[in-house]
Amino acid sequence: RYDRLNKAFRLLMKLNDERDSGNSGNDESGSPTSPLVAIHRGKYLRDVDGELSLGPGGFVSCLEEAAGVEAVTVGKPSKSFFQSAIADWLAQGIKPEEIAMIGDDAEQDVNGAIRAGLGLGILVQTGKYRPGDEDKLLKRPDGAFAAKDIANAITCIGPRLYTSTS
């Protein structure tokens, strides 16, 4: 059974019914709001037992489809997440293209960072990485690539960021 998923679905449907009966579903400024907030859209994760398990992404998509709503994603890979993460550096005069993201998820970590304007995204072949994940990286000259591990990734950051922003 899917008790928690069904509870969330029923709540979303109830909110949809309330909107249909007159509540606009907009905030104070008139902008539409979403009753479904996703912390991130990861498809899978490496669980405590070392095996892959479903992440929240599939459940978010399921609820969106079934309830006819669009979730607001506040974590990776949303642009606002990355912009918030680098805000202090931007305030110090560091440019987004001078910042690198290292992660084990091609879509959530690396492509999310590249779409948000960061200069470099590095997919490490550790954690939840699976062979072939590097093929999912956005095609951009010198903007996204795979590295064996974090130590290898770190050795690549300086030369790549320095030459790409010069």
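List of remarks:
Every residue, every condition in (1) open to solvent by less than 40 Å² (accessible area, probe 1.4 Å); (2) part of a helix (DSSP H, G or I); (3) at pLDDT below 95, yes or no:
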{"residue": "16", "(1), (2), (3)": "yes, yes, yes"}
{"residue": "29", "(1), (2), (3)": "no, no, yes"}
{"residue": "61", "(1), (2), (3)": "no, yes, no"}
{"residue": "76", "(1), (2), (3)": "no, no, yes"}
{"residue": "102", "(1), (2), (3)": "no, no, no"}
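- Within the set 146, 151, 66, the sole residue that is surrounded by fewer than 15 Cβ atoms within 10 Å (Cβ to Cβ) and over 30 Å from residue 37 (Cα atoms) turns out to be 151.
- Tallying residues that are part of a helix (DSSP H, G or I) and either loosely packed, with under 14 Cβ neighbours inside 10 Å or out of contact with any Leu (no Cβ under 6 Å at 6 or more places or on another chain) (or both) within region 78-100 yields 13.
- Members of region 104-118 found to be assigned to a helix (DSSP H, G or I) and open to solvent by less than 40 Å² (accessible area, probe 1.4 Å), listed by number: 106, 108, 109, 110, 111, 112, 113, 114
The values are calculated or read from the model by the stated rules, or taken from the named source; none is laboratory data. From a predicted model like this one, the values you see are computed outputs, not experimental measurements. All Cβ positions, even for glycine, are placed from backbone atoms using ideal geometry, and neighbour counts span all protein chains on display. These accessible areas exclude ligands, DNA and RNA; they are computed on the full protein's heavy atoms, side chains included. Shrake-Rupley method; radii C 1.70, N 1.55, O 1.52, S 1.80 Å.
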